[in-house]
Structures are given as C-alpha cells and as structure tokens.
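For reference, the structure is listed below as structure tokens.
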C-alpha cells in the first residue's frame, strides 16, 4: 500500500516539477531478476526510475537514510541499507538474494551522486553482483534531474528529465569485479 501511495504521489510530482521522457523501456525484462545499473546525479533518481520502470524495483540506499519515518517508507519501497565506503557483505548478500528471487535491483554504479558531466570511478560491488548472480544488466542513463533538484538542495525547480534504457547484457567473462563494473559504467555513459 505504501509503495503505491508513493508511486502515484511521485507521478503527480513529476507532472508538476519534472515531466519525463523514458526511452526504450521495452528493454526492461518483464520477468526474472536483473540489475538496473544507472548513473546518479540527484536524490530524485530512485523515484524517477521507479516510475519509469515497468517493474517494481528494489534498491540499495545509504544506511543513514534508514531512520524514523523515512526508514519505514524506504523499507516498504523495497529498499535495503548499504554502508558506503566499505565492503558491506550484508548488503551484497541481500541484493543477491533478491536477484535470485527474480526481483530487479537498482544500483548506482558510481556509488554516490556525481557532479558534472564526466563519469567518476565505478564501484566494484556492482561487478561482484553481476558476476555472482549471472543476471542481465540493464544500463540506464538519467539526464536532467540535477537541474530539478541540484545536489545539496531540498527545493525543486521545474525542468524536463530523460531516461534512456540500453540493451540487457552480461559481464560473466570479465577478468575481475573491477573490470566488470567499468564495463557496466561504460555502457551507461554510452547512452548519453
């Protein structure tokens, strides 16, 4: 119930503040687990991808957000906590469990919001998940949410946003988790 309230509230918010165009949503698998791998430029990104996707997404969020009412809401939205800046094996196990249950998991490959146009370093965790789970990776590139809600602000400014979904692919042949993560990041930015 909480999920659908937030979903429709976000749809209304998007009509008011960030009308969006989602390209190639047909590339999202209709069943089975997959990793939705994205760039990250604003706190709006998880909400935007949630309303662009034809599937209900699970996603990692920094552990600091899981306090009070926000934590309550995040859990009901399919979110689970991750400790950033360290190898959080609990979060990795939870992501693998959800992928094996056939659920899609959203991951921001750079690990945090990026400022500017150039990609930053890919985090090796997404490569680990992709190689261990064997599920397809669907790259998606987000453009414009940083203009609606810039990093460090809490106010919204009306602007158009765009998402472009790419073809599902695998990285099982990568020589390392780091290389797998870099391939995923490259696929995301190739959609720009």
For this session: Take the Cβ-Cβ distance between residue 132 and residue 186 as r, set R0 to 30 Å, and report the resulting FRET efficiency rounded to the nearest 0.05.
Result: 0.90
Exercise. How big is D for the stretch 121-192, in µm² s⁻¹ as a whole number, if Stokes-Einstein is applied with the Kirkwood radius of its Cα pairs at 20 °C and 1.002 mPa s?
Worked result: 159 µm²/s
Exercise. Quick one: length gained pulling residue 67 to residue 2 fully straight, 0.36 nm per residue minus the C-alpha distance?
Worked result: 21.7 nm
Exercise. What nm distance separates the two modelled labels at residue 84 and residue 9, each placed 7 Å from Cα along Cα→Cβ?
Worked result: 2.3 nm
Seminar exercise, completed: Per its Cα gyration tensor (rounded if a/c is under 1.5, else prolate when a/b beats b/c, else oblate), the stretch 58-113 is best filed as oblate
For this session: For the chain, with a Gaussian network of springs between Cα atoms less than 10 Å apart, report the residue from 122, 87, 61 with the top mean-square fluctuation.
Result: 87
Problem set entry | For q = 0.17, 0.20 Å⁻¹, Debye-computed log10 I/I(0) when each Cα of the stretch 81-146 counts as one equal scatterer | -0.67, -0.89
Exercise. Who wins for biggest fluctuation among 19, 136, 46 in a Gaussian network model of the chain, springs between alpha carbons below 10 Å?
Worked result: 19
Problem set entry | DSSP bridge pairs, the stretch 2-190: antiparallel proportion in percent, nearest 5 | 20 percent
For this session: Using packing as a proxy for protection, rank 3-16, 159-172 so that the peptide with the highest average count of other Cβ atoms within 10 Å comes first.
Result: 159-172, 3-16
Exercise. Of the residues 180, 22, 95, which exhibits the maximal mean-square fluctuation in a Gaussian network model of the chain defined by a 10 Å Cα contact cut-off?
Worked result: 22
For this session: Give the angle, between 0 and 90 degrees and rounded to the nearest 10, that separates the Cα long axis of helix 2-17 from the longest principal axis of the Cα atoms of the chain.
Result: 60 degrees
Exercise. How would you classify the chain from its alpha-carbon gyration tensor, with a ≥ b ≥ c the square roots of the eigenvalues: rounded for a/c under 1.5, else prolate if a/b is greater than b/c, otherwise oblate?
Worked result: rounded
Exercise. On full extension of the chain, what length is gained from residue 92 through residue 55, given 0.36 nm per residue of separation minus the C-alpha to C-alpha distance?
Worked result: 11.2 nm
Exercise. Where does the chain land at 222 nm, in deg cm²/dmol rounded to the nearest 500, when only DSSP H runs of n ≥ 4 count, each adding -39500 (n - 2.57), divided by all residues?
Worked result: -11500 deg cm²/dmol
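None of the figures in this text is laboratory data; all of them are computed from the coordinates on show. Everything numeric here is computed off the predicted structure, so don't read it as measured data. Here Cβ is always computed from backbone atoms with ideal geometry, including for glycine, and neighbour counts include all displayed protein chains.
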